[in-house]
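Scroll down for the structure; my scribbles are underneath it.
The numbers here are math on the coordinates, done by the rules we state, and not lab data. Keep in mind it's a predicted model, so treat the numbers as computed, not measured. Note that each Cβ is placed from the backbone with ideal geometry, even for glycine, and that neighbours are counted across all protein chains shown.
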Amino acid sequence: MIESIIFDKLPDKVLIHGVEHKINYGYRAIMAIEIEMFSDNNDEQKLLNALNIFYFQDIPSDWDEAIRYMLWFHRCGKEEKQGNGGSHAKAKRGYCFKQDAPLIYAAFLQQYHINLRNTPSNALHWWEFSALFECLDENVKMARVMYWRTCDIGSLSKQEKKFVKKMRAVYMLEEPDGDLDGKARLIRRNADMKEYVRSRMVGRK
């Protein structure tokens, strides 16, 4: 059941195989996890760092369940998006928490009068932050930048296309396209494959 951001207590812990684990539910923690998952660290280290942030260095022994819950929490309790044939669609990224930090800071201050520098992470739950971030008004620059990066230019006029392409060049993301779900699951799948290959090679000796 998906919790209601208005009526229900938002999750701040998880029960995995009967063991309760605290989670780092604040907006800064999840922003840091996204930044880590798109960093230049090797895949296994990215996932380990992300889980350590989320579970306060106390990762549940069942990594698959730990990853599943972290991704569910990141999606704010929403169902996982699937592409054709059950595979993950490669999402076009509209933002980067690291690169767009000044624009995001300014947007929250302008629209909501929330100073993110002065707002402790645990004072603003990730689900609350996400709801506010998703509803940024078109009058704030961050919303316009996300539109320029992700809009379908096929239906735009020639002049509009030219302008959007220019803005895309100005605000081009350093990070690759994709989403946290797809990246985390791909890393986990590759890690499982490496372990499988390693065990097969050992069996041949």
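Quick look at the values:
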read-out	value
Volume per residue that the Cα convex hull of the stretch 12-55 spans, once the total is divided by residue count, Å³	58
Table column - 3J(HN,Hα) (Hz), the stretch 132-147, Karplus curve with 6.51, -1.76, 1.60, x for Gly and Pro	5, 5, 5, 9, 4, 6, 5, 6, 8, 4, 4, 5, 5, 4, 5, 5
Placed amide H near Ile59: partners under 5 Å, 5+ positions off or other chain	none
For Ile16, residues with placed amide H under 5 Å, excluding near neighbours	His21
For the stretch 26-166, with +1 on Lys and Arg beta carbons and -1 on Asp and Glu, the positive-most of Leu51, Pro102, Leu124 along the dipole	Pro102
Links that overshoot a 29 Å alpha carbon limit, given the list Lys92/Lys158; Lys13/Lys92; Lys22/Lys141	Lys13/Lys92; Lys22/Lys141
J(HN,Hα) series, the stretch 92-97, from Karplus relation 6.51 cos²θ - 1.76 cosθ + 1.60, nearest Hz, glycine and proline x	7, 6, x, 8, 9, 4
